[in-house]
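What follows is a set of notes on a single structure, which appears directly below.
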Amino acid sequence: LAKTTQPISMDSYEGQEVNITCSHNNIATNDYITWYQQFPSQGPRFIIQGYKTKVTNEVASLFIPADRKSSTLSLPRVSLSDTAVYYCLVGDNTGGFKTIFGAGTRLFVKA
Amino acid sequence: DAGVIQSPRHEVTEMGQEVTLRCKPISGHNSLFWYRQTMMRGLELLIYFNNNVPIDDSGMPEDRFSAKMPNASFSTLKIQPSEPRDSAVYFCASSLVRTGGSAAFFGQGTRLTVV
């Protein structure tokens, strides 16, 4: 499985756009990039997934350059409730889509 | 859909006792995962099933841990005998594996305390 590297923590203020970048230099051809969000005392929650270029949903955008060796999760206009840990994962559907979590990025949004 | 349902939400047990954690995945999902989360080790994948068959149990820490999935709607994680170092939050997740990527949906977790 491709290893991922992301910042341990980030701080932001309410209303700002937050970009969290994840490196995955050894990503394989069949791998997808998936981001999860986890609040204290809850299980991780799926945010967004992509394979290449840009993906956008009601919560976030995911930017993936052509070489796919990194990806950036973009959270528009964050609020205090976006304070959480964000995980970047890469993996494919072979044998059931093994889902391995790294340490994640702890985002702290201040008023 | 009610999502992934885990029981119990909290479990306190004495060292040496058997503990059984239960999980009901989302209907129609074909993969199920068991994770353990602690402050020190983060989220660890213990085992995952595809179509009720265990695919990879390399994350199961010891023979004291065992997991079963007798049918598509139920799975158990058993620890026998339990030890204080097993104290953690245990999450179950399920997903529908298909072409084009898939996402895991998590339950609320079981907080296990072994004293």
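A few notes on this one:
- Among A:Val59, A:Val78, A:Val90, residue whose mean-square fluctuation peaks in a GNM of chain A (springs only between Cα atoms under 10 Å): A:Val59
- Centre separation in Å (Cα based) which lies between the range B:49-115 and the range A:1-75: 25 Å
- The distance between label points at A:Arg77 and B:Arg85 comes to 5.0 nm (points 7 Å beyond Cα on the Cα→Cβ vector).
- Of every Cα-Cα pair in the range A:1-71, the percent that sits beyond 13 Å: 70 percent
- Other-chain or far-sequence residues with amide H under 5 Å of B:Asn30's (modelled H): B:Ser95, B:Leu96, B:Val97
- Computed on the Cα trace of the range B:9-74, the radius of gyration divided by the Kirkwood hydrodynamic radius gives Rg/Rh = 0.97.
- For the options B:Ser102, B:Ser66, B:Ser58, a Gaussian network treatment of chain B with springs between C-alpha atoms closer than 10 Å singles out B:Ser102 as fluctuating the most.
- Amide hydrogen neighbours beyond the local backbone of A:Ile47, cut-off 5 Å, H modeled: A:Trp35, A:Tyr36, A:Gln37
- Among B:Thr20, B:Thr76, B:Thr38: highest mean-square fluctuation, GNM of chain B, C-alpha pairs under 10 Å: B:Thr38
- Each Cα pair of the range B:3-115 feeds into the Kirkwood radius, which the Stokes-Einstein equation turns, at 10 °C and 1.306 mPa s, into a diffusion coefficient of 114 µm²/s.
- Overall Cα dimensions of the protein assembly as shown - principal axes, largest extent first, Å: 49, 40, 33
- Note, ³J(HN,Hα) from phi for the range A:55-67, Karplus 6.51, -1.76, 1.60, rounded to Hz, x at Gly and Pro: 10, 9, 9, 6, 9, 7, 10, 10, 10, 10, x, 4, 7
- In sequence order, the range A:8-25 has phi-based couplings of 5, 8, 8, 10, 8, 10, 3, x, 7, 8, 10, 10, 10, 9, 10, 9, 9, 4 Hz under the Karplus curve 6.51 cos²θ - 1.76 cosθ + 1.60, θ = phi - 60°, and Gly or Pro positions carry x.
- Under 5 Å, built H, 5+ apart or other chain: amide partners of B:Ile5: B:Lys24
- With at most 12 other Cβ atoms within 10 Å, longest stretch of chain B clear of loop trypsin sites (Lys or Arg not before Pro) (DSSP): B:42-97
Since every read-out is calculated from the coordinates, none of them should be taken as a lab result. All of these numbers come straight from a predicted model, not from anything done at the bench. Backbone-built Cβ (ideal geometry, glycine too); neighbour counts: all protein chains shown.
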